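First comes the structure, then the notes that go with it.
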Amino acid sequence: MCLVTSIVVACGGRSSESRRDSAAEIGKKYGMVPYLLRTNAFGLAGFTRLASRATNGELTIYIEGDGLAWLDRYTISKDPTPINPLALKLAARDPSKNIAYLARPCQFVDLAREINCHEGYWTDQRYSEDVVFSMNAAVSKLKARSGAVNLHLVGYSGGAAIAVLIASRRKDVLSIRTVAGNLDPVSLFKAKNVTPLYGSL
């Protein structure tokens, strides 16, 4: 079953490389510049489109969802990079002058180089302290890079939970917007009858 699933995923144009290439094409089409930010545990990938300095003192950061965490109900993905990076597509179309897109840990990166990436970080530890700390550090670096004073966070799916957890640690977040946000993981996983996120906040 696992072999069949792997073949189906590969034949469907969903290889890790093709997913990274697709994101790069989206970024290039909309004038966004790729980046890789080093944090305590992860190299976090993303794209920015920034004015020379934040003209209105604000930066909007889009946070990606959980991505391809599972191939099916029983098979964990080897690479959580999303097939359809919805948060990136939303960021690309945002007409604001200062936009950043922030992928989740282990998405859109070379996993052979990311020694801390293991499947726990896209399964039960997806909202762990390690993840939230690193994502928050990346947000601070993006803010400094843009020259912004305040932030707007936009989280898609599981990225919404990350956005809320980040905002709870900061005093510079003016707004939080969610798209299909998973804000109550306990209720969600009970409803879906799947294993709870024991390693998450």
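The values are calculated or read from the model by the stated rules, or taken from the named source; none is laboratory data. Just so it is clear, the structure is predicted and the values come from calculations on it, not from any experiment. Counting neighbours? That spans all protein chains shown, and the Cβs are built from the backbone with ideal geometry, glycine included. What goes into the accessible areas is simple: the full protein's heavy atoms, side chains included, and nothing from ligands, DNA or RNA. Shrake-Rupley method; radii C 1.70, N 1.55, O 1.52, S 1.80 Å.
For the reader, a short list of remarks on this structure follows.
- Comparison of Val131, Val149, Val173 shows that the only residue that is surrounded by fewer than 14 Cβ atoms within 10 Å (Cβ to Cβ) and either touching an Asp or Glu at 6+ places or on another chain (Cβ under 7 Å) or of a type outside the set (D, E, K, R) (or both) is Val149.
- Restricting attention to the stretch 50-66, the residues that are within 22 Å of Ala160 (Cβ to Cβ) and either outside any loop (DSSP other than H, G, I, E, B) or open to solvent by 40 Å² or more (accessible area, probe 1.4 Å) (or both) total 6.
- No other residue among Ser200, Ser140 is within 18 Å of the chain's Cα centre (by Cα) and touching a residue at least 24 places away in the same chain (Cβ under 8 Å) apart from Ser200.
- Scan the stretch 93-116 for residues that are touching a residue at least 40 places away in the same chain (Cβ under 8 Å), small (Gly, Ala, Ser) and either within 17 Å of Gly67 (Cβ to Cβ) or surrounded by fewer than 20 Cβ atoms within 10 Å (Cβ to Cβ) (or both) and the total you get is 1.
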